[in-house]
Every structure is written in C-alpha cells, then in structure tokens.
Amino acid sequence: MIKNYLKTAWRNLIKNKASSLINIGGLAVGMAVVILIGLWIYDELSFDSYHKNHDRIAQVVQNVTNNGEVETWRGMPYPLAAELRKSYGSDFKYVVMGTGTGNHILALGDKKLTKSGAFFEPQAPEMFSLKILKGSRNALNDPSSALIAESTAKAYFGNADPIGKILKLDNQQNLKIEGVYEDLPKNSTFSDMDFIAPWELFYTMNGLGKMSEPWRPNFVSLYVQLADNADMGLVSLKIRDVKLRHVNARLAKKKPALFLQGMNKWHLYDEFKDGKNTGGGIQYVWLFGIIGFFVLLLACINFMNLSTARSEKRAREVGIRKAIGSLRSQLIYQFFGESLLCVLLAFALSLLLVQLSLPFFNGVADKQMSILWSNPLFWILSMGFSLITGLITGSYPAFYLSSFKPVKVLKGSFRVGRLAAMPRKVLIVLQFTVSVTLIIGTIVVFRQIQFAKNRPVGYSRDGLVYVQMVTSDIHKNFEAVKADLFKTGTVVSIAEAGAPPTQVASSSSGFSWPGKDPNLSVDFPQNYVSYDYGKTIGWQFKEGRDFSRAFLTDSSAVVINETALKFMGLKNPIGTTIRADGDPLKVIGVAKDMVSESPYEQVRPTFYFLSKDAGGVVLLKINPKASAGAALDKIGSIFKTYNPAQPFEYQFVDQEYAKKFGNEERIGKLASFFAGLAIFISCLGLFGMASFMAEQRVKEIGVRKVLGATVLNLWGLLSIDFVLLVIISLLIATPAAYYFMHKWLQNYTYRSDLAWWIFASAGVGALVITLFTVSYQSIKAALANPVKSLRSE
C-alpha cells in the first residue's frame, strides 16, 4: 500500500512539473532559511558552553546610583577578590581577578606582532577549563611565565615546540612560555585571547601596591566559580554590601550593590537599565526564530494553495477511487504521502542551499557556523521538523480533496465554486502581510542606522588617524617626532590623548562646582589631552577657548562639553572654578558635545584636562593635499625610528566610529536577507497561482478576445484579484509593523521617526512586485490565439 502511495505521488509530481518545481523550490528555500536561523540560534544559545563549568561560573557585577539613576558596572576594585576569599570562601571554588583583553606587543627577536591578551590569577586556566595542548596548566604561578594560544604559538614558532622559549611583552618584560592552550571558539567571551600573562606581573608593572585608595578605582574583572553546593541567588545576596562596607563616605553615596551574573547570561542578557536586566541579544534570538517560523509558513502556504487550486483536476481521480471502494482515510494517507515526498525532496535541496550560502551568511552574521553533519540531535530535529512540515503542508489538501462527493464528480456537476477559493485568498493575504511587515521592519532598521550615522559628532573625522601606544617611546620623544612629521608635509597637526575620540578614557565622581547638591553623586567621563588636541580633531567651541601654550595657568584648567554646562547649571562658565578631588580647576572653554560612546544615546557630561602624561593615543591629522597611503608610509617610518619595539598600526577614526553600528548593521542585513527570501517565496506562490488561474480561464479569455477585448483589458482582468489581495495585506501589515517598530525604536534614546513614506514605499513596492510577478502569466494568456482554446466548443 505504501509503495503504491509513493508511486502515485511520484507520478503526480512528474505529471505537473511546473507546479512541483514551484512547490519543492519554495519549500526548499523556506526550509533552508529555517536551518540557517536554527544554526544561528544554536550558536547564540551555546555561547560560552565551551567552558566545562559554564553553569557555575559568574562575573561579579555592581549596581551604583548616579544622579538618582542606577547604573550597572562590570569593573571592580582589586581588593575585593581577597575579601571574597577571606569572608565567603566556602561559597566559592575559585575567585579569579583578571583584566579585559587588550592589545600588546609580543616580540621574538625582530619578529614583533600585536596580540590580544589578558592578565589573570593562576586559577583561571582551571576555572575556564582551558584545554592545555602542551606544557603546564599552572604556568601563571610564576610572574615571569605565560600561556599562549595554539594560533599564537604557530605564528611565532611554526611547528617547533614553544615551551621554554622567551617572548618579550611590550618591550618591557620577558615572558617564558610554559603552556599552550587550544584556541577558544568564536562563540566564547574570550575568543580573542591570544595569550594569558600572570596577574602578579600586572600588579607589579602598574604599581597597584602603592595606591592610596585601592577600593576606589574599578578596573578589575572579577570572576568566580561557585562551590558545588552553593546557590547563585543566595550568594549574590550575601556579597551585596561587601564593597559598601569598604569605601569612603563620598563613594558610599553611590550605594554600590554587588551581585553575580552567570556566564550563561553574559552574551544574551548583557543589557541593564536601572539596575535590572532588560535582556540583550536574546531579543534577536526570538526575533529571528519568529521570522524563520513565518518564512517556513509562507512556503507551506504556497504548497497548500497550489495543491487545492488544482483540486478540480484531481476531483475525477478522487471520485473514481471512492466509487471503487477507497476509504476517505486512504485518500488522506495518499495526499499526506505526496506532501511528505515533496518535503523530503525539499529538505535534501535545502541542505544544498544551506551549504552553498553558509560562507555568505557567516560573513554577514560574523559567525563560524557549519552544518552539524555528525550531530545526532541535528538529524533528529531535522527529521522531526520535516515530518511536521509535511503534516502542515499536507493537512489542508488532504482533508479538502478527500471530502469530494463521488456522485457529483462523476456526473460532471462538481464545481469548486467561489467560496472554495476563499481559503487560498486568505493565505495569500497572510503571505503578503508577513512579507510587507518584514520589508517595513528592514527599512526602519537601516533608517535608524543612517539617522545615527548622520548625527553631528562634534569634531572632524576627515583624515583623522590615531595610533594606540603600547610603549612610552613616542611619548618620551614626542616633540622630535612632531618636528620630523611636519618636515615631511604629510601631517598638519598632531596631539596626544588618553583615548581616541571614539572612546572614553575614564570616569570619576570626585568633582564639585558652585551650587552642587551635596547629596548628588554622578560619574563624569574624562580625558587627558595635550596641546593641539582641539586643533587636531577640529574641536568646535560654544564659549571660551582651547588649551594654549600662551597661558601657563592652563595646566590647572579644564574644558567642559555642552552637556556638562547644562548639567551643572553654570550661567557664566568661563572662569568658574570647579574642583577635582579637592584640586581647583578653572573652566576656560565649553566645547560642543563629542559623540564618544554609543551614537544612539545622549552624550554624557565630560571634562577634558591638559596633561603631560596623556600618551595613550597619538592623534594625527593627515594633510588633505597628500596621498593617504604615501602619508601613512612616511608616518610609519618615523614612528619605527623612534619606537622600533612596536609595529606601526593605525586606525582611521571614521572607520572606528563606523564599527559602533556593527551590531545594528548585521541585524539589518540579516533582516533584509530574510525579507528578500520571504518576498521570493511569496512571488513564487503568486506565479504558480497566476499560472493556474490563467489556465482555468483560458476559454473565458478566448471568448473575450473574440468579442474585442484588448490585451490591456485582459491583463487588468487577471491582475485585479491579486492586487486587491495585496492591498488588504497592506492594510493589515501597516499597523502591525508600526506597532512593532515603534516599540523597537524605544530602545534608543537618539532615534529616527516612523515616516509615512516608509509604509508608502513598502506598499508601492509590494504592488509593483505583485504586478510584475502576475503580468507574465496574464500577458501570456492574453496574447494566446483564441482559436486554440475555442475550437472544441
């Protein structure tokens, strides 16, 4: 019986090649989208699962109150680790201090490469379950040793054994390689960690033991692994006030409250507002999961529409089979068998499509995904997914076609009637409702990105380059470097700063000014700069002036931004004295707000100080008359002369600023990719339906042509039904898209509006696509010779 079902199903597929191709092709595209989204969601949900104890590892985080708002910080004071071990040792298996990964110079003789590394306490390799390929896991016990990643070992030593070899760190410290660990996967928080140096070395190099207030600065990342019998929620409550008990009265006003955030939530639940987790990447997991469901639904709708549309052609087959004794249940099995065969063929084709599109998809999504060929779970889910899809696509055709009455069919009195087409019309409306909603959503996402990109940044990015200085050689010889650069004519201005214009160097709450509320506690971003900083970046002043060598008193001066002026409420700011940790500073200028942090958020009150030690970054304004490539070659040779220990690596400020839009742009590209596929699937279904309708009305068209109807008349006749359905879908999609995108835009303080033309463009686009899709079949039918369709009448 099953064999006969399969034979009949195969014959029907071969007999109706065009509709079969549309059915299987549409399903294959829909299933490919679902598989791609499934792989992306799996990669997101399995983030950090590489670490064996990921469900017991957490980061210590703190909520602090600034200006009445609760902010969440990940930085910690370094004495906190010792306090947790001392007072709460039974709750933790490991307490490990570390720094964030940052760029450093690792040198092997003349071979100098910039590598991303971090400093950790000795228990880090065990806590993060690093896979040691060579050497010892306990390498970090020795302050002069290090662990390096497998790729780092190959970069320096090829296939030679690196154990015991020496690498020089930042032209200061020799590190003996005591271990090599397996590169961490891309879906790990520490994926960019090329080497690990001992925390003790960081402690010594930065003179942490000499700090007068060690509980004040928050620069340490603190990780813990809970004891086997400890509960994360209860331990969070226990350690809540540890920092509060050790800070001075001024910092206590911030009400620091510690808590633990489990490793499983670092990636997808990284956003906080008013001290509460508001989600993060998990919203995109849900978003693309829903998109995948609807794209597959569109493909299923195509199958059901085309299957039921051809019901009249199969009505006689159903009638004959019922007349000779076939049960309705047997017919239902038959039609389900046909749909399952289509689904299996579509699934095989979808795997090919996924394999071909993965390189492009990985590039857009910034992933390293592959089909999980050897994973049994993948095949179990795939087969289950195919079965469910087959049941969904086959359900309506099976129950609808098997319900035909044999007497009516065999008498020739059976007609599907107008009401029979109603479900198909509803499904077409649903298809285009989903597609238009996706189109509107994609337009809004890209418009929001462009809106933020066009935001005034408060300085000039044209030709502005910065070089991150790992060593102090350029800073020590800054005047000589500047003189040599000016001689080449490639640079019009040069300055130093604690951070590039796209970042905040640090922040502090130790400021006071006339009229400040004594109970107010707020952190101000701050940056230390050299002379000519304003000239180099093109600072725009609202009041006052820039730092100048003509005023010796500028060493105790400060430039504030517009937001700081408004926040402090200073009516006559120039000449006003403010205090930084008790030291007086005179305001000499008010600069326009610079967008240094998120381009989607408001600029924070910021202070700029003149400092002789502002040597973290060198900023250069390239001469607009010079070739950028030639200029950078000359700049690089001068930097290498004064700083041979560091490779010359530069960043264009405009390119670094563009990276701030990376996440939104990836989401926008993925959304547009899926929206395009949704439209393609919908058009595929429309094409099949238009073909069927033209075929059904071929005699009507012939009669109308004989009676004088023009091609334009016939084109309008065949197209109007589809246009009306798309208009109905627009009326549904527009308010739905407005609701969801308005809600999405609320995530951004600096956001675009939902302009009317977005919805109008999507509507016009959908109508044009519909007419273009339907027109081929309409015009083809209108141009056909009526003699051929009427000669049998």
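The values are calculated or read from the model by the stated rules, or taken from the named source; none is laboratory data. Computed from a prediction, not measured in an experiment: that's the story for all the values here. Please note: Cβ atoms are built from the backbone with ideal geometry, for glycine as well, and neighbour counts cover all protein chains shown. Heads up: the accessible areas ignore ligands, DNA and RNA and are worked out on the full protein's heavy atoms, side chains in. Shrake-Rupley method; radii C 1.70, N 1.55, O 1.52, S 1.80 Å.
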message: If I ask for residues that are out of contact with any helix residue (DSSP H, G or I) (no Cβ under 8 Å at 6 or more places or on another chain), outside any helix (DSSP H, G or I) and open to solvent by 60 Å² or more (accessible area, probe 1.4 Å), which ones from the range 242-268 would you list?
response: 245, 253, 255
- line: Flagged in the range 191-217 as part of a loop (DSSP other than H, G, I, E, B) and surrounded by fewer than 20 Cβ atoms within 10 Å (Cβ to Cβ), in numbering order, are 191, 192, 206, 207, 211, 212, 213, 214, 215, 216, 217
Any hit, the range 232-254, residues being closer than 30 Å to residue 138 by Cα, touching a residue at least 40 places away in the same chain (Cβ under 8 Å) and within 23 Å of the chain's Cα centre (by Cα): no
- prompt: Within the range 449-499, can you find the residues that are in a helix (DSSP H, G or I), polar (S, T, N, Q) and within 30 Å of residue 590 (Cβ to Cβ)?
  reply: 450
query: Taking the condition open to solvent by 10 Å² or more (accessible area, probe 1.4 Å) and either among the aromatic types (Phe, Trp, Tyr) or at pLDDT below 90 (or both), does residue 487 pass?
result: no
message: Going through 557, 550, 564 one at a time, which residue ends up being at pLDDT 90 or above and open to solvent by 10 Å² or more (accessible area, probe 1.4 Å)?
response: 550
query: Only one of (1) open to solvent by 30 Å² or more (accessible area, probe 1.4 Å); (2) under 30 Å from residue 560 (Cβ atoms); (3) part of a helix (DSSP H, G or I) is not met by residue 661, so which one is it?
result: (1)
task: Run down 759, 740, 772 and say which single residue is open to solvent by 70 Å² or more (accessible area, probe 1.4 Å) and at pLDDT 85 or above.
output: 740
- request: Would you mind stating whether residue 472 is over 28 Å from residue 168 (Cα atoms) and either at pLDDT below 85 or open to solvent by 30 Å² or more (accessible area, probe 1.4 Å) (or both)?
  value: no
- prompt: Among the residues of the range 600-610, is any in contact with a helix residue (DSSP H, G or I) (Cβ under 7 Å, 6 or more places away or on another chain), open to solvent by less than 10 Å² (accessible area, probe 1.4 Å) and in contact (Cβ under 8 Å) with a residue 60 or more places away in the chain?
  reply: yes
- request: Enumerate the pairs (first residue in the range 575-594 and touching a residue at least 24 places away in the same chain (Cβ under 8 Å) and under 13 Å from residue 513 (Cβ atoms); second residue anywhere and of a type in the set (Asp, Glu) and open to solvent by less than 10 Å² (accessible area, probe 1.4 Å)) with beta-carbon separation below 9 Å, excluding pairs fewer than 6 apart on the same chain, so at least 6 apart or on different chains.
  value: 586/554
task: Hey, can you tell me all the residues within the range 584-616 that are farther than 30 Å from residue 661 by Cα and modelled with pLDDT of 90 or more?
output: 584, 585, 586, 587, 588, 589, 610
statement: Checked against (1) in contact with a Gly (Cβ under 8 Å, 6 or more places away or on another chain); (2) part of a loop (DSSP other than H, G, I, E, B); (3) within 26 Å of residue 469 (Cα to Cα), residue 560 satisfies every condition except (2)
message: Checking residue 449 against (1) open to solvent by less than 30 Å² (accessible area, probe 1.4 Å); (2) out of contact with any helix residue (DSSP H, G or I) (no Cβ under 9 Å at 6 or more places or on another chain): exactly one of these is not met. Which one?
response: (2)
- line: Only one of 258, 296 is closer than 25 Å to residue 42 by Cβ and aliphatic (A, V, I, L, M), namely 296
- line: Wholly inside the range 104-188, strands (runs of 3 or more DSSP E) that include 1 or more residues that are surrounded by fewer than 19 Cβ atoms within 10 Å (Cβ to Cβ) and at pLDDT below 95 are 111-120, 132-135, 166-169, 173-181
field: From the options 627, 637, residue that is within 17 Å of residue 482 (Cβ to Cβ), among the polar types (S, T, N, Q) and exposed (fewer than 14 other Cβ atoms within 10 Å of the Cβ)
entry: 637
query: Scanning the range 354-371 for residues that are among the hydrophobic types (A, V, I, L, M, F, W, C) and over 13 Å from residue 32 (Cα atoms), which turns out most open to solvent (accessible area, probe 1.4 Å)?
result: 360
query: Looking at the range 269-281, which of its residues are touching a residue at least 40 places away in the same chain (Cβ under 8 Å), closer than 18 Å to residue 232 by Cβ and part of a loop (DSSP other than H, G, I, E, B)?
result: 275
field: residue 555 being touching a residue at least 12 places away in the same chain (Cβ under 8 Å), among the small types (Gly, Ala, Ser) and closer than 30 Å to residue 659 by Cβ
entry: no
task: Would you list the helices (runs of 4 or more DSSP H) that sit entirely within the range 703-793 and hold 2 or more residues that are closer than 22 Å to residue 667 by Cα?
output: 711-745, 756-783
- prompt: What residue, among those in the range 535-557 that are in a helix (DSSP H, G or I) and among the charged types (D, E, K, R), is farthest from residue 588 (Cα to Cα)?
  reply: 535
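Results for (1) small (Gly, Ala, Ser); (2) open to solvent by 60 Å² or more (accessible area, probe 1.4 Å); (3) free of Cβ contacts under 8 Å to residues at least 12 places away in the same chain; (4) assigned to a strand (DSSP E or B), shown as yes or no for each residue.
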| position | (1), (2), (3), (4) |
| --- | --- |
| 47 | no, no, no, no |
| 50 | no, no, no, no |
| 55 | no, yes, no, no |
| 58 | yes, no, no, yes |
| 62 | no, no, no, yes |
| 71 | no, no, no, yes |
| 80 | no, no, no, no |
| 84 | no, no, no, no |
- prompt: Considering the range 86-103 alone, what residues qualify as being modelled with pLDDT under 90 and open to solvent by 30 Å² or more (accessible area, probe 1.4 Å)?
  reply: 89, 100, 101, 103
Subset of the range 717-737 [farther than 21 Å from residue 284 by Cβ and open to solvent by 30 Å² or more (accessible area, probe 1.4 Å)]: 717, 720, 721, 724, 727, 728, 731, 732, 734, 735
- prompt: Counting just the residues of the range 218-238 that are touching an Asp or Glu at 6+ places or on another chain (Cβ under 8 Å) and not basic (Lys, Arg), which one comes out surrounded by the fewest Cβ atoms within 10 Å (Cβ to Cβ)?
  reply: 227
